[in-house]
Amino acid sequence: MTSNSNVIQNAIQQMNKELLALREFVALLSTEQQSLLNNDTDSLLGITEAKTNAANQLMDMSRSRRQSLLGNNLDNMETWIAQNSPQSKALWSDIRKLADQAQQLNTTNGELINSQMRHNQQALNILYNSSKSAAGIYGPDGQANLNSSGRHLGSG
């Protein structure tokens, strides 16, 4: 095997690992989305940690691939593949599709999180305003201090 052949084989192995990591990341994002839709907040903490670790791993893999293959003078992976490994075009296409899917899922999950945060803030505002108005229900002596208009019950 020539040196260039080794580089190509290593690149294909690296892309296969990246594809596998992307599949796992997409599955994780899908799980996160289901937890968000089901209001399963208990599982979100663990998912968030796993998602952060997986995203960091993917960034490292991508950075490593780009440095080892594109470090010198090539513009992009498509150019590298066309010049060095046309048989890996489908593999690269799968990586790109999964990366796009991951980005879409992450955007949707972010929107779901923002929506739930708005909902929670509205609920907190209602509770806060309710507690402020309820503060006048009891007088300093601890007795109910309801100012009601109209007739009292039992009066006739």
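Every read-out reported here was derived from the displayed coordinates using simple, explicitly stated rules and does not represent laboratory data. Bear in mind that the values here come from a model prediction, so they are computed numbers and not experimental data. Here the Cβ is made from the backbone with ideal geometry for all residues, glycine too, and neighbour counts use every protein chain on show.
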Alpha-carbon spread of the stretch 3-118, three principal axes, descending order, Å: 54, 22, 19
Linear extension gain, Gln34 paired with Asp100, 0.36 nm per residue minus alpha-carbon span: 21.9 nm
Only Cα pairs under 8 Å and at least 6 apart count here; give the relative contact order of the stretch 6-66 as a rounded whole percent. 46
By the Cα gyration tensor axes a ≥ b ≥ c (a/c under 1.5 gives rounded; else a/b larger than b/c gives prolate, otherwise oblate), the shape of the stretch 72-119 is prolate
Can you tell me how much longer the chain between Asn4 and Ser64 gets when fully stretched, taken as 0.36 nm per residue apart minus their C-alpha distance, in nm with one decimal? 19.9 nm
FRET efficiency for Ile113 and Asn53, Cβ-Cβ distance as r, R0 = 25 Å, nearest 0.05? 0.85
Multiply the residue gap between Ile12 and Lys89 by 0.36 nm, knock off their C-alpha separation, and tell me the result in nm, one decimal place. 26.7 nm
Calculated FRET efficiency for the pair Asn125/Glu24, C-beta based, R₀ 41 Å, to 0.05: 0.55
